[in-house]
Amino acid sequence: TTDAHLEALRRSGANRVSFGVQDFHPPTQEAIERIQTVEETRRVTETARALGFEGVNYDLIYGLPHQTVESFEKTVETVIALSPDRVALYNFAYLPKKLAHQKVIDAAALPSGPEKFRIFTLAYERFTAAGYVYIGMDHFAKPEDELARAHQKGTLRRNFMGYTTHPAKDFVGFGV
């Protein structure tokens, strides 16, 4: 995204932003055609914070082509250093018969089921050791984040978008 996009979102009242990081491992990024550097991610994160966004979320995906425990560990450590308020850690569902764009992915490059589990376990261990609270299913949040506080108080809710601290009637989504 651009600074102008972030500025427009902030002016329109958006108070949280989520960036689809997926993975910082270059072979994985190339395989899924989602190239973004750590520096680009750091820049948009810093810009969002400077604009007054109350929270920054990163979406990560495990089980992507060319991922290993070792490669994803580097991504997780980089994410921890970038310090988003929340992290969503999604399991990649390889469904090329239903999702045509996945047909370009080489199935042989995907990690095995046991390797995927080890990748998730590594991420869970690293995020919780860094102080993130495991909210459940696939979400982590810093202890001071309202999501973690609601989890602690037992007031956390879930809807089709994920976890939330309050019921919301309106959702606006951008992108695919």
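The values are calculated or read from the model by the stated rules, or taken from the named source; none is laboratory data. Since we're looking at a predicted model, the values are computed, not measured. As a convention, Cβ positions derive from the backbone with ideal geometry for all residues, glycine included, and neighbour counts pool all protein chains shown. Ligands, DNA and RNA are stripped out before the accessible areas are found, and what is left, the full protein with its side chains, is counted by its heavy atoms. Shrake-Rupley method; radii C 1.70, N 1.55, O 1.52, S 1.80 Å.
Please return the longest stretch of the chain lacking exposed loop sites, where chymotrypsin sites (Phe, Trp or Tyr not before Pro) count only if DSSP places them in a loop and at most 11 other Cβ atoms lie within 10 Å. Numbers along the way, then the final one.
Numbers: sites that count: Phe160, Phe171, Phe174.
With chymotrypsin sites (Phe, Trp or Tyr not before Pro) excluded where exposed in loops, the chain gives 1-159 as its longest stretch.
Here Rg and Dmax of the Cα atoms in Å was calculated from the structure, and among (i) 16.3, 58; (ii) 16.4, 45; (iii) 17.3, 60 it sits at label (ii).
Suppose every K and R has +1 on its Cβ and every D and E has -1 on its Cβ; what is the size of the dipole of the chain about the Cα centre, in Debye to the nearest 20? Each step should come with its number before you reach the end.
On the way: 21 positive and 22 negative charges, 134 e Å.
Here the size comes out at about 640 debye.
A 1.4 Å probe over all protein chains sorts Glu30, Glu40 by accessible area into Glu30, Glu40, starting with the largest.
With an 8 Å Cα cut-off and a minimum separation of 6 or more residues, compute the relative contact order for region 1-93 in percent. Let's see the in-between values first.
Values: 116 pairs, mean separation 33.2, N = 93.
RCO, region 1-93: 36 percent.
Between Tyr134 and Ala14, what is the label-point separation in nm under the 7 Å Cα-to-beta-carbon projection? Inter-label distance under the simple model: 3.1 nm. In the context of the full set of protein chains, region 94-156 has a per residue accessible area of 60 Å² (1.4 Å probe). Taking Cα atoms only, the orientation of helix 38-50 departs from the longest principal axis of the chain by about 10 degrees. Considering only Pro114, Pro84, Pro27, give the residue with the highest GNM mean-square fluctuation for the chain, with springs between Cα atoms whenever their separation is below 10 Å. Of the options given, Pro114 has the highest mean-square fluctuation.
Computed about the Cα centre, the dipole magnitude for region 1-100 is approximately 380 debye when only Lys and Arg (+1) and Asp and Glu (-1) carry charge, each at its Cβ. Placing a label point 7 Å from the Cα of Glu7 along the Cα-to-Cβ direction, the residues of region 49-85 whose backbone N falls under 17 Å of that point are 49-53. With point charges of +1 on the Cβ of Lys and Arg and -1 on the Cβ of Asp and Glu, referenced to the Cα centre of region 84-176, which listed residue (Ala93, Leu147, Tyr134) lies farthest in the positive direction of the dipole? So the residue we want is Ala93. Give a quick list of trypsin sites (Lys or Arg not before Pro) in region 61-132 that DSSP marks as loop, anything other than H, G, I, E or B, with at most 10 other Cβ atoms within 10 Å. Here the sparse-neighbourhood loop sites are Lys97, Lys98.
Placing a pseudo-label 7 Å from each Cα along the Cα-to-Cβ vector at Val38 and Glu77 gives an inter-label distance of 0.9 nm.
Within the chain, what whole-number % of the accessible surface is contributed by carbon and sulfur, with the 1.4 Å probe and all protein chains included in the calculation? Before the final figure, lay out the partial values.
Values: 5510 of 10100 Å².
So the carbon and sulfur contribution to the accessible surface is 55 percent.
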